[in-house]
Amino acid sequence: MTRSLRRGMCAGILGLQAVVLFLTGVVTIGMTDLGVVTSLSLGLGLALLCLLAAGLLGRPVGYWLGWAVQLLSIALGVLATPMFFLGVVFTALWATAFFLGARMDQERAARIVLEEQWQARQSPEPGAGG
């Protein structure tokens, strides 16, 4: 059984996004009036949400959670303006990994079927002299 390319690509995006969201929590300490504990909790919570979503990508709920992370990343721009931009960038990366990865998985599955059919046609029939 082969691994899903979509799952791997989406997990990679969520892993990178976890780092960015944690660091956003650190940056918001100086940019907002939230306080140190609230800012760090926000960044750490979003980072853990990313990692949870990445861990659940074997199930459909993991992808739904990944989309929710993207929306929260953009919404974080209300507290830290640069997150509007970073949220949109990560959402674009996520969407690319999600849709392109699914297409690549479908194409790979079709190729495997075609290769098996080709192999079946190439193998000599039993009883054929050789």
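FYI, it's all coordinate maths here, none of it is from the lab. Remember, predicted model here, so these are calculated numbers, not experimental data. Cβ sites come from the backbone with ideal geometry, for glycine too, and all protein chains shown count toward neighbours.
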Problem - Meets criteria (under 27 Å from ARG7 (Cβ atoms), part of a helix (DSSP H, G or I), among the aliphatic types (A, V, I, L, M) and touching a helix residue (DSSP H, G or I) at 6+ places or on another chain (Cβ under 7 Å)) for LEU40 - result: no
Exercise for the section: State all residues of region 43-101 that are under 19 Å from LEU5 (Cα atoms) and among the aromatic types (Phe, Trp, Tyr); if no residue qualifies, say none. Expected result: TYR63, TRP64, TRP67, PHE90, TRP94, PHE98, PHE99
Problem - Any chance PHE90 is in a helix (DSSP H, G or I), touching a residue at least 60 places away in the same chain (Cβ under 8 Å) and surrounded by 14 or more Cβ atoms within 10 Å (Cβ to Cβ) - result: yes
Problem - Residue match in region 49-58 (condition: without any contact (Cβ under 8 Å) to a residue 12 or more places away in the chain, of a type outside the set (Gly, Ala, Ser) and out of contact with any strand residue (DSSP E or B) (no Cβ under 8 Å at 6 or more places or on another chain)) - result: yes
Practice task
Look through THR32, THR28 and report the one residue that is over 18 Å from the mean Cα position of the chain (by Cα) and buried (at least 16 other Cβ atoms within 10 Å of the Cβ).
Solution key: THR28
Practice task
Go through the residues of region 102-111 one by one and say whether even a single one is farther than 16 Å from SER4 by Cβ and either among the small types (Gly, Ala, Ser) or surrounded by fewer than 19 Cβ atoms within 10 Å (Cβ to Cβ) (or both).
Solution key: no
